[in-house]
Amino acid sequence: MTDTLDRAAAGAERKKSPASVQVVASPGGVHAWLVEEHAVPLLALEFAFVGGASQDPAERPGVANMLSGMLDEGAGPYDSDAFQTQLADHAIELRFSADRDAFRGSLKTLVSHLPKAVELLRLALNEARLEPEAIARVRGQIEAGLRHDASNPDVLAMRAFNETAFAGHPYGRPVRGSLDSVAAINRDDLSAFRAGVLARDNLHVAAVGAVNADALGALLDDAFGDLPQASDLVPVAQIELQGQGVRRVVEVETPQSVVRFGAPGVARHDPDYMAAHIANHILGGGVFSARLFREVREKRGLAYGVSSALYPMRHAAMFFGGTATKNERVAESIAVISAEIARMGAEGPDEDEVRLAKQYLIGSYALHFDTSSKIAGQLLHLSLEKMGVDYIDRRNDLVASVTREDVRRAAARIFDASKLLVVTAGKPVGLAG
């Protein structure tokens, strides 16, 4: 009966998902996923080039991040001020960013301003000026942020975690770079990254709004058609999280410590991924009913919040979580978290926990699609993850089909407290680095 109800709920929620997704191929061979929505005369475009900060030179991390700040600092006939004026005068939102695995862009515009928006996007991608004055200005902004972060326990904990978990791998380097590496980045570095990564063969595009397939096809060629056909990516090796069982302390003068913990996870296309996702939701999925929240906050008042998540990255899979607490309560917090992780791995959840988790994950899925930008972002994510254009329609059925035994098996795979890498930034009492 429970399984029947779960499937009925999945079917009901599936009807709330966005309209069918079309796969559009432009005349020039650029592909995109499209959801037509004509209620508002708006287009939201999300795109990404596979590569990201993992393509930074080993000795100069931060190139991808700096380039993301440079593409709208003047392009083609427009200097920096003129480019920004064009965006503002036409109410166009154009942004770029970089993470470990992708160099991303986002465009939002009224349909009436599409020609101008596409022109500016094309210029930014192909004819960014990368002028010395703009490089110096963006470099200064990044350096100011890095100096501010030098005493930020959140940033220091995350940086130390990555350095330990991915030692000798591109994931171990800071996406924004360091003061030394950012100071060394020059125009040639930015141009080389752009030439190697921004190409059509590693481009993913998602569009939501008041355009049909034919109009989007023409738009894709106008915006992306001048890019090189082939990228020149540096191979990045697969890596399993290192430092398993290590406890590391980064000393920071602060009354509260930040704790980050992680262990090997489950790859996105692993058959156990959905079961592991449900298991993590029960353990620390950011809801009040999660075990970690109950044990750490509600029962003991150790921290305001604690959570965990699965991170299936392109070249690694990780179970990761964190909390923050008073220095004198760090050791106890880590002990409680470790005990709950061990218990979940050894015993798994009970039937009621699995039922409620599935009910929540099915019922809340539609909230990912309540705006055009969210829909476009979800489509881009699914495209990058190679989940298939029909995944939105299949997803809730996948959740509903997971059994308690599936969840217990997945939990036993990933929840092993002895494998936890734990990094604390602060002045924790009773912990040694």
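The values are calculated or read from the model by the stated rules, or taken from the named source; none is laboratory data. Every value quoted in this text rests on a predicted model; they were computed, and no experiment measured them. So basically every Cβ, Gly included, is an ideal-geometry build from the backbone, and we count neighbours across all protein chains shown.
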Handout entry: Filter result (of a type outside the set (Gly, Ala, Ser), under 20 Å from the mean Cα position of the chain (by Cα) and closer than 18 Å to Glu127 by Cβ) within region 96-116
Key = Phe96, Phe103, Leu107
Completion exercise
In region 396-432, anything closer than 21 Å to Phe161 by Cβ and either among the β-branched types (Val, Ile, Thr) or in contact with a Lys or Arg (Cβ under 6 Å, 6 or more places away or on another chain) (or both) is listed as Ile414, Val422, Val423, Thr424, Val429
Fill in the blank from the handout: Filter region 75-116 for residues that are in contact (Cβ under 8 Å) with a residue 40 or more places away in the chain and small (Gly, Ala, Ser); the one that is farthest from Leu216 (Cα to Cα) is Ser80
Fill in the blank from the handout: For region 361-380, the count of residues that are surrounded by fewer than 17 Cβ atoms within 10 Å (Cβ to Cβ) and over 19 Å from Glu37 (Cα atoms) equals 2
Problem - Residue tally, condition surrounded by 23 or more Cβ atoms within 10 Å (Cβ to Cβ) and touching a His at 6+ places or on another chain (Cβ under 6 Å), over region 381-433 - result: 1
Handout entry: Filter result (surrounded by fewer than 17 Cβ atoms within 10 Å (Cβ to Cβ), small (Gly, Ala, Ser) and either touching a Gly at 6+ places or on another chain (Cβ under 6 Å) or assigned to a helix (DSSP H, G or I) (or both)) within region 87-136
Key = Ala88, Ser112, Ala136
Fill in the blank from the handout: Going through (1) under 30 Å from Val252 (Cα atoms); (2) of a type in the set (S, T, N, Q); (3) assigned to a helix (DSSP H, G or I) one by one, Thr323 fails only at (3)
Problem - Conditions (1) surrounded by fewer than 16 Cβ atoms within 10 Å (Cβ to Cβ); (2) touching a strand residue (DSSP E or B) at 6+ places or on another chain (Cβ under 9 Å); (3) farther than 18 Å from Glu133 by Cα; (4) not small (Gly, Ala, Ser): number failed by Pro27 - result: (2)
Practice task
Report, by residue number, each residue of region 231-253 that is over 15 Å from Phe161 (Cα atoms), touching a Lys or Arg at 6+ places or on another chain (Cβ under 8 Å) and not β-branched (Val, Ile, Thr).
Solution key: Glu253
Problem - Index of the failed condition, Glu340 passing every other in (1) surrounded by fewer than 16 Cβ atoms within 10 Å (Cβ to Cβ); (2) not in a loop (DSSP other than H, G, I, E, B) - result: (1)
Exercise for the section: Within region 201-224, identify whether any single residue is under 30 Å from Val35 (Cβ atoms), in contact (Cβ under 8 Å) with a residue 12 or more places away in the chain, touching a Lys or Arg at 6+ places or on another chain (Cβ under 9 Å) and exposed (fewer than 15 other Cβ atoms within 10 Å of the Cβ), and answer yes or no. Expected result: no
Problem - Candidates Glu46, Glu93, Glu131, filtered to the one that is more than 24 Å from Ala215 (Cα to Cα), outside the structural domain of Val389 (by TED's automatic domain parsing) and of a type in the set (Asp, Glu) - result: Glu131
